[in-house]
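Working notes, beginning with the structure itself.
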Amino acid sequence: MIRIISEDTPLFVLETDNTSYLFKVTGNGLLEHLYYGSKITVESSDGLVEQHEYAEGNTNSIDEEHKNFTLENFRLEMSSYGKGDIREPMLEIINSDGSSTSDFRYEGYEQSKGKKEPEDFPGSYGKEDEVDVLKIILKDKENNLELDMFYYVYGSCNVITRRNVLINHGGENVLIERLLSAMLDFDHGNYTMHTFTGAWAREMHKDDIPVKAGKITVSSYTGTSSSRANPFVMISEDLANEEYGKVYGFNLVYSGNHYECCEMSPYGKVRFAAGINPAGFTWTLEPGKEFETPEEVMTFSGAGFTGMSHNMHDFVNTHIVRGEWKERLRPILLNTWESNYFDISETRMLWLAKRAKRVGIELFVMDDGWFGERNDDTSSLGDWYPNKKKLPGGVAGLCRKINSLGLDFGIWVEPEMVSGNSNLYRAHPDWVIRIPGKQHSVGRNQMILDLTREDVQEYIIKTMSDLFSSCNIAYVKWDMNRTFTDIFSQMLPAGRQGEVIHRYYIGLYHVMNVLTRKFPKILFEGCSAGGNRFDLGILSYFPQIWASDDTDAAARAEIQTSYSYGYPLSTISCHVSDSPNHQTLRYTKFMTRFNVAVFGVMGYECNLSDMSKGKLEEISEQIKFYKGCRKTMQYGRFYRIMTFADSLSANPSVIRPTTGKHLEWCVVSEDQGEAYSMMMQLMVIPNSQNAVIHPRGLKENALYSFEGREFTNSALSFGSLINTSSPVHIISGGHAHHIIDRFYHIPGEKEIHKMYGDAIMNAGVHLKSAFAAVGFDDNVRHFQDYASRLYRMKVIKNGTDT
């Protein structure tokens, strides 16, 4: 809802179900930001506007008539350099006369309802009863420029998005050096900025940085949203935690270089600014043309990080993800990468597929190595035709055989890339992003196609269309394994090379839009060396993204926890893989690998051909379980009860010294009729038997059954301790030990309880004692390093509301 209150100057009140966002036009035509937070009752701006009698010393005022304040100590909706505000600006422009001062003043506003689904550029969308729209018109009359600031209010999701459009009404070019998507000024307070940084195979490390004097900046300069710094960030106030306190969430609907900055001024005010990274970016705005920024998504919750996450999850599922796969259950797949790598053949594919069908897999995905002369990563990207030595019947022949087994068929592609050793590069060496005549940097033996070029866009659309229409392809994994270097396009003049990255994404989004609309039934999954492009821009076209190339359960638990702050489980692709893990060489139990992957879009990436009958039966049971809980796992309410970082916190309200570094997750169905909780620890703490699990989100007055998922323990896991109960001596790890393990597994402890929802959430469920070297039987929890448990809660009696 948007209200405009008429005063001496307009007061704008943007309201969602639980939040209010206020700003007012000042007497000199600026926009003063007043408030963003929990919903408040407002009839006027009285008491909300800042009071200034005299400007601070050694500062500058905007003009002679307003010498009582300086923009350096004023809360603003937008700002630029040149008129006294020396904090982070929203925009920087070189005017046609060479000056860099901008002076945008309020001109008017427009209101509307509804936002159409974007096409060639990503963004949010919603029907007229879902989103209210406010357009604020600002003009810099001295430079003949117009800045239109758009606000989209999604009431039920408690989300407001912002974007800006700059229009050149003058007769000469102007140069944009910075045009961010949003800026937000806070009163002084005790703030912490939470960022998610990392690298390949260790994405999304959560960093909590107190906002003190100076700036905190997180940004990407890889040409992608990047694994180094995800565009999703949070700002919390005071000692906010999962359940309580003020938390703001921000995310950019964009896949290229981004920039997020939190700055505390000398006067204690805090400014947050976000958008396209100004580093390496310039844009020549010609007369009569306009430049549009990506959308910045903003949300607030007074119910801690969990409340903020739920807002973001609802928004992404409802107003970002689109097409036939929106809110649709995703299939369980088997991906061939870690079982075969480049060693693809029809025989191997069919052997794997037959076993996949036997255990309940629904979708078979052939990964890299099927095309051109692709036997390793040194060749053939761009040559998207099947290798007939590997696939005698081509992709279509294999697809038909896979389909005849009762499986859907999917395929891996990397359309944005080209190998130096490829027919495509030999035919079109000018189609790549590189500086002509100069040495090119090396990255995974491949180069990036120049998607600023329309001929390159059309080539990708045609080759992918030919492939996708050649047979019954149900799924496409769209990869992008290189970051940008030597950024240069032969299609642009020297003075416009700062436009390359943004123009690349304009081209890429066009390609994605055309292909997803042309093939609406295909499930597209984004990937970029794992999580190097996990962002809302990609999710505007592809409904799920491969979260990380690291499939190690312990690493993935932390990675997936971090993604969950800003992204719903339905967008996070997770696989059960082999042990020792291919990225870490760490051993983890099969049960733990499943328990982590089940919280999201689960699949498998392991060699079924080499697995024993018993292991295949275990996978079959896992898949049956997941099919029964898939809707809840992909679209339920997700709660982080404890994270690895929290479990080591010095805060006595969260530390649990006898349980070590561990995490707890919980996901609850929409009707609260069922829920699943997972507890995982990293390292055993000696002589620590007790554990209490605290699921959340349940109906307080409903009676629930609480049961652990049944399992058995391997006799091998007890080592030589097996001799304490064996009538004959067994050599640990020896032949006899393996024979015993083959025919006899030790039952795991059983957890069966009946409790009301409020008791489960507040008192917690006290679990069976963990092994502590003082005895073992069927009632002892065998809880080793990287061990986990998965529990199901189901309503057996609904209470009566009072």
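Taking region 223-256 as the range and being within 20 Å of PHE121 (Cα to Cα) and either open to solvent by 10 Å² or more (accessible area, probe 1.4 Å) or of a type in the set (A, V, I, L, M) (or both) as the test, the residues that pass are LEU252, VAL253. Kindly establish whether GLY280 is over 23 Å from the mean Cα position of the chain (by Cα), at positive phi and in contact (Cβ under 8 Å) with a residue 40 or more places away in the chain. Yes, satisfied. Cβ separations smaller than 8 Å between residues 6+ apart or across chains give no pair from region 364-386 residues that are closer than 27 Å to LEU407 by Cα and in a loop (DSSP other than H, G, I, E, B) to residues that are of a type in the set (S, T, N, Q) and at pLDDT below 95. Residues in region 46-86 that are on the phi < 0 side of the Ramachandran plot, under 43 Å from the mean Cα position of the chain (by Cα) and not charged (D, E, K, R): 19 in all.
For region 181-213, the tally of residues that are within 30 Å of MET149 (Cβ to Cβ), among the aliphatic types (A, V, I, L, M) and either out of contact with any Phe, Trp or Tyr (no Cβ under 8 Å at 6 or more places or on another chain) or assigned to a strand (DSSP E or B) (or both) stands at 6. Quick check on LEU363: is it within 18 Å of GLU338 (Cα to Cα) and among the hydrophobic types (A, V, I, L, M, F, W, C)? The answer is yes for LEU363. Would you confirm whether any residue within region 236-255 is part of a loop (DSSP other than H, G, I, E, B), hydrophobic (A, V, I, L, M, F, W, C), touching a Gly at 6+ places or on another chain (Cβ under 7 Å) and more than 16 Å from TYR563 (Cα to Cα)? Among the residues of region 236-255, at least one is part of a loop (DSSP other than H, G, I, E, B), hydrophobic (A, V, I, L, M, F, W, C), touching a Gly at 6+ places or on another chain (Cβ under 7 Å) and more than 16 Å from TYR563 (Cα to Cα), which makes the answer yes.
Applying the set (1) at negative phi; (2) part of a loop (DSSP other than H, G, I, E, B) to GLN111 leaves exactly one unmet item: (2). Is one or more of the residues making up region 189-196 buried (at least 17 other Cβ atoms within 10 Å of the Cβ), among the aromatic types (Phe, Trp, Tyr) and within 28 Å of ARG482 (Cα to Cα)? Checked region 189-196: at least one residue is buried (at least 17 other Cβ atoms within 10 Å of the Cβ), among the aromatic types (Phe, Trp, Tyr) and within 28 Å of ARG482 (Cα to Cα).
Selection of region 66-93 for residues being among the charged types (D, E, K, R), buried (at least 16 other Cβ atoms within 10 Å of the Cβ) and assigned to a loop (DSSP other than H, G, I, E, B) yields ARG75, GLU77, LYS83, ASP85, ARG87, GLU88. Within region 437-487, restricting attention to residues that are closer than 18 Å to ASP383 by Cβ, open to solvent by 20 Å² or more (accessible area, probe 1.4 Å) and under 25 Å from the mean Cα position of the chain (by Cα), the residue that is modelled with the lowest pLDDT is ARG444. The condition (being open to solvent by 10 Å² or more (accessible area, probe 1.4 Å) and either under 15 Å from LEU790 (Cβ atoms) or at pLDDT below 95 (or both)) is satisfied by just one residue among ALA597, ALA675, ALA650: ALA650.
The set of residues from region 275-310 being of a type in the set (S, T, N, Q) and open to solvent by 20 Å² or more (accessible area, probe 1.4 Å) comprises THR282, THR284. Here region 738-770 is the region considered, the condition is being assigned to a loop (DSSP other than H, G, I, E, B), buried (at least 16 other Cβ atoms within 10 Å of the Cβ) and in contact (Cβ under 8 Å) with a residue 60 or more places away in the chain, and the residue that is nearest to the chain's Cα centre (by Cα) is LEU767.
Regarding region 48-65, can at least one residue be identified that is surrounded by 12 or more Cβ atoms within 10 Å (Cβ to Cβ), under 20 Å from VAL133 (Cα atoms) and modelled with pLDDT of 95 or more? No: zero hits. When region 403-440 is filtered for residues that are of a type in the set (Phe, Trp, Tyr), in contact with a helix residue (DSSP H, G or I) (Cβ under 6 Å, 6 or more places away or on another chain) and within 20 Å of ILE344 (Cα to Cα), only PHE409 remains. Could you check, for region 559-566, whether at least one of its residues is over 22 Å from ARG630 (Cα atoms), touching a residue at least 40 places away in the same chain (Cβ under 8 Å) and either crowded, with 19+ Cβ neighbours inside 10 Å or touching a helix residue (DSSP H, G or I) at 6+ places or on another chain (Cβ under 7 Å) (or both)? No; the residues of region 559-566 include none that is over 22 Å from ARG630 (Cα atoms), touching a residue at least 40 places away in the same chain (Cβ under 8 Å) and either crowded, with 19+ Cβ neighbours inside 10 Å or touching a helix residue (DSSP H, G or I) at 6+ places or on another chain (Cβ under 7 Å) (or both). The number of residues in region 399-433 being under 33 Å from the mean Cα position of the chain (by Cα), within 25 Å of ALA474 (Cα to Cα) and among the hydrophobic types (A, V, I, L, M, F, W, C) comes to 9. Would you check which residues across region 395-427 are buried (at least 18 other Cβ atoms within 10 Å of the Cβ), over 12 Å from MET447 (Cα atoms) and not charged (D, E, K, R) and list them? Correct list: VAL395, LEU398, CYS399, ILE402, LEU407, PHE409, GLY410, ILE411, TRP412, VAL413. Remark: pairs (first residue in region 211-234, at positive phi; second residue of a type in the set (Val, Ile, Thr) and outside any loop (DSSP other than H, G, I, E, B); Cβ separation under 7 Å; 6+ apart in sequence or on different chains) = GLY223/ILE501. Every listed requirement among (1) at pLDDT below 95; (2) in contact with a Ser or Thr (Cβ under 7 Å, 6 or more places away or on another chain) is met by PHE711 save one, (2). Set side by side, the residues VAL174, VAL165, VAL159 differ, and just one is buried (at least 22 other Cβ atoms within 10 Å of the Cβ), farther than 15 Å from LEU252 by Cα and in contact (Cβ under 8 Å) with a residue 40 or more places away in the chain, which is VAL174.
Per-residue answers, yes or no, for (1) surrounded by fewer than 18 Cβ atoms within 10 Å (Cβ to Cβ); (2) more than 25 Å from GLY268 (Cα to Cα); (3) modelled with pLDDT of 95 or more:
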site	(1), (2), (3)
ASN95	no, yes, yes
ASP103	no, no, yes
GLN111	yes, yes, yes
GLY114	yes, yes, yes
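So that you can scan it fast, the table gives a plain yes or no per residue for (1) touching a residue at least 24 places away in the same chain (Cβ under 8 Å); (2) of a type in the set (A, V, I, L, M); (3) in contact with a Cys (Cβ under 6 Å, 6 or more places away or on another chain):
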position	(1), (2), (3)
TYR35	no, no, no
GLU50	yes, no, no
GLY57	no, no, no
SER61	no, no, no
SER80	yes, no, no
GLY84	yes, no, no
MET90	yes, yes, no
ASP103	yes, no, no
TYR125	yes, no, no
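Quick check on region 11-20. Is at least one of its residues in a loop (DSSP other than H, G, I, E, B), more than 21 Å from PHE186 (Cα to Cα) and open to solvent by 20 Å² or more (accessible area, probe 1.4 Å)? Looking for residues that are in a loop (DSSP other than H, G, I, E, B), more than 21 Å from PHE186 (Cα to Cα) and open to solvent by 20 Å² or more (accessible area, probe 1.4 Å), one finds at least one in region 11-20, hence yes. I'd like to check something: does region 492-504 contain any residue that is under 17 Å from ARG434 (Cβ atoms), among the acidic types (Asp, Glu) and in contact (Cβ under 8 Å) with a residue 40 or more places away in the chain? Looking through region 492-504, at least one residue is under 17 Å from ARG434 (Cβ atoms), among the acidic types (Asp, Glu) and in contact (Cβ under 8 Å) with a residue 40 or more places away in the chain.
Does region 561-607 hold any residues that are among the polar types (S, T, N, Q) and not in a loop (DSSP other than H, G, I, E, B), and which are they? Residues satisfying the conditions are THR561, SER562, SER570, THR571, SER573, SER577, THR592, ASN595.
The values are calculated or read from the model by the stated rules, or taken from the named source; none is laboratory data. From a predicted model like this one, the values you see are computed outputs, not experimental measurements. Ideal geometry is used to build each Cβ from the backbone, glycine not excepted, and the neighbour counts take in all protein chains shown. Keep in mind that these areas ignore ligands, DNA and RNA; they rest on the heavy atoms of the full protein, side chains included. Shrake-Rupley method; radii C 1.70, N 1.55, O 1.52, S 1.80 Å.
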